[in-house]
Amino acid sequence: MSGSVFLLLLAGTLLCGLLFHTVSHNEAGDRTRTKRPNFIIILADDIGWGDLGANQQAGQSSSQTPHLDLMAQQGMRLTDFHSPASTCSPSRAALLTGRHGLRNGVTHNFAVGSVGGLPLSETTLAEILHQGGYYTAMIGKWHLGHNGPYSPTNRGFDYYLGIPYSNDMGCTDLPGYELPSCPPCYPGPQILHNRERGQPFLLYVALAHMHVPLSPPSYAPHPSEGGVYAASLREMDGLVGAIKNASDASDKENTLIWFTGDNGPWEQKCQYAGSVGPFLGKWQTSRGGGSAKRTTWEGGHRVPTVSYWPGRVPANSTSSALLSGLDIFPTLLSLAGVNPPSDRRYDGIDATDVLLHGKETGNEFLFHPNSGAAGKYGDLQTVRLGRHKAFYITGAAEACGGSKGRQELHDPPMIFDLSGDKGEETPLDPTTEEYKEVDERVRRWREALLYDIATDQSVSTADYATDQSAAPCCDPRHTACRCLTLG
């Protein structure tokens with residue numbers, strides 16, 4: 001059994017316990033008080049927009065995600081939903097704080113030997129809900145600091161079981177499917193664990209799927225079944241289905257499930273990377289390099305997203321509202337009736353009207369931070385405004401095969417109309433009235449946000465210092481510790 005499956009089976013067990021406790025408490029408790037909703041956030045790792053079967057066009061390859069497809073049929077598919085960044089740590093920090101990396105301090109990934117993590121001056125969604133009477137639990141990948149006060153149980157989670165960072169940041173005795181191949185035995189992840197009980201609840205499930213190395217499937221997948229990646233995608237989908245089934249069997253009318261991804265697929269991993277669907281970033285790929293994870297092209301941050309809440313979220317519905325992972329924070333707090341701290345500024349919007357009432361009132365604009373392919377980490381040099389998207393800088397991540405594109409600055413910005421150019425292939429002519437109007441609006445929005453951040457007294461700074469002694473090591477017999485002593 002792979003470690004990720006083990007963690008998710010435990011997640012299902014924990015969920016059953018949470019739901020049983022919640023239902024029993026509600027039956028025995030104060031019946032005059034309106035029940036507050038439970039929340040389950042499921043965050044997939046390195047998943048592509050095109051990996052979700054429900055996102056595929058008719059006639060494409062058979063779906064590998066029947067459980068998620070059913071959840072979309074019974075809930076809402078969000079087709080224009082974006083991760084807050086195009087790489088792991090910044091995306092997760094933004095989801096849990098409702099703030100861009102330039103505010104919360106997390107602009108790139110933490111390492112195995114990182115001393116710090118998400119700055120302690122930041123307040124997480126889990127902390128606020130916990131203070132508001134929620135029981136909070138997390139299963140899976142954290143990647144926001146694993147030492148002392150930075151660990152999940154010191155950041156608002158009552159319960160945590162998982163790995164401190166990505167599953168390739170560590171050692172396994174049997175390497176999984178990976179390109180380039182992972183050598184066995186180098187400093188690796190270990191499982192952390194803590195247990196408590198309470199209600200109502202927030203359950204945050206941060207999957208290791210679809211990050212490489214992929215766990216070897218229990219059988220040799222036939223080529224017609226799509227190979228190792230497809231087998232891992234089916235495994236992930238089955239785990240999501242198990243969580244949904246546990247919720248449905250207990251308290252489904254009072255539980256919101258929100259599935260999304262932390263960023264797009266890791267293109268340089270070739271057959272072990274997912275599908276970006278039609279969002280190919282052709283302007284960039286025609287000049288070399290990849291246009292998915294770590295980039296601000298659509299494939300890097302447009303992620304498959306499904307919201308499910310029987311009786312509340314309209315069934316079999318689709319929304320093209322412009323939303324992002326930054327909006328999860330204010331939306332859940334609004335639904336819980338809990339106010340965030342008033343001493344800081346936030347970047348997300350309350351998407352309740354989109355989820356529950358079918359309105360298309362998403363973000364008027366959205367900023368995509370530099371995530372490693374070009375420019376300074378965290379800088380907001382790509383802007384979405386309605387159907388238009390403006391680039392002040394472009395650059396490519398490494399593609400399958402090793403090609404890389406060069407960084408280019410654009411002033412005036414390069415602007416695409418995504419309504420007719422999902423592949424981001426042909427920018428608008430700068431001499432047209434359409435371009436000039438969009439350019440002016442984008443500049444105003446960008447200048448306003450940058451000024452807002454520059455004058456924000458609540459901006460945090462993350463400690464990215466590393467030290468070998470900071471790598472988790474509690475048991476000398478554990479692989480993560482034993483490998484440190486080898487050759």
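The values are calculated or read from the model by the stated rules, or taken from the named source; none is laboratory data. Quantities reported herein were computed from a predicted structural model and do not represent experimental measurements. Note that each Cβ is placed from the backbone with ideal geometry, even for glycine, and that neighbours are counted across all protein chains shown. Ligands, DNA and RNA are stripped out before the accessible areas are found, and what is left, the full protein with its side chains, is counted by its heavy atoms. Shrake-Rupley method; radii C 1.70, N 1.55, O 1.52, S 1.80 Å.
A compact table of results
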read-out	value
Positive-end residue of Val112, Gly162, Ala85, charge dipole of the range 81-162 with Cβ unit charges	Ala85
Rounded if a/c under 1.5, otherwise prolate or oblate - the range 230-374, Cα gyration tensor axes	oblate
Carbon + sulfur, % of accessible area of the range 60-117 - ligands and nucleic acids excluded, 1.4 Å	53 percent
Cβ-based net charge around Val306, under 13 Å, with every Lys or Arg adding one and every Asp or Glu removing one	-1
Inter-label distance for Ala58 and Asp467, nm, one decimal - labels placed 7 Å from Cα along Cα-to-Cβ	6.2 nm
Gyration tensor (alpha-carbon) shape descriptor, the range 57-120, a/c threshold 1.5	prolate
List Tyr346, Tyr377, ordered by accessible area with a 1.4 Å probe, largest first	Tyr377, Tyr346
Radius 12 Å from Cβ of Thr255, net charge of other residues (Lys, Arg +1; Asp, Glu -1)	+2
Cα-centre dipole for the range 228-365 with unit charges at Cβ (Lys and Arg positive, Asp and Glu negative), debye to 20	520 debye
For peptides 289-300, 430-441, 397-408, sequence by mean Cβ density within 10 Å, most packed first	289-300, 397-408, 430-441
Peptides 119-127, 314-322 ordered by average Cβ neighbours within 10 Å, highest first	119-127, 314-322
Value of relative contact order over the range 274-432, rounded to a whole percent, pairs C-alpha under 8 Å and six or more apart	27 percent
Packing-based order for 442-453, 158-169, 234-245, using average beta carbon neighbours within 10 Å, highest first	158-169, 234-245, 442-453
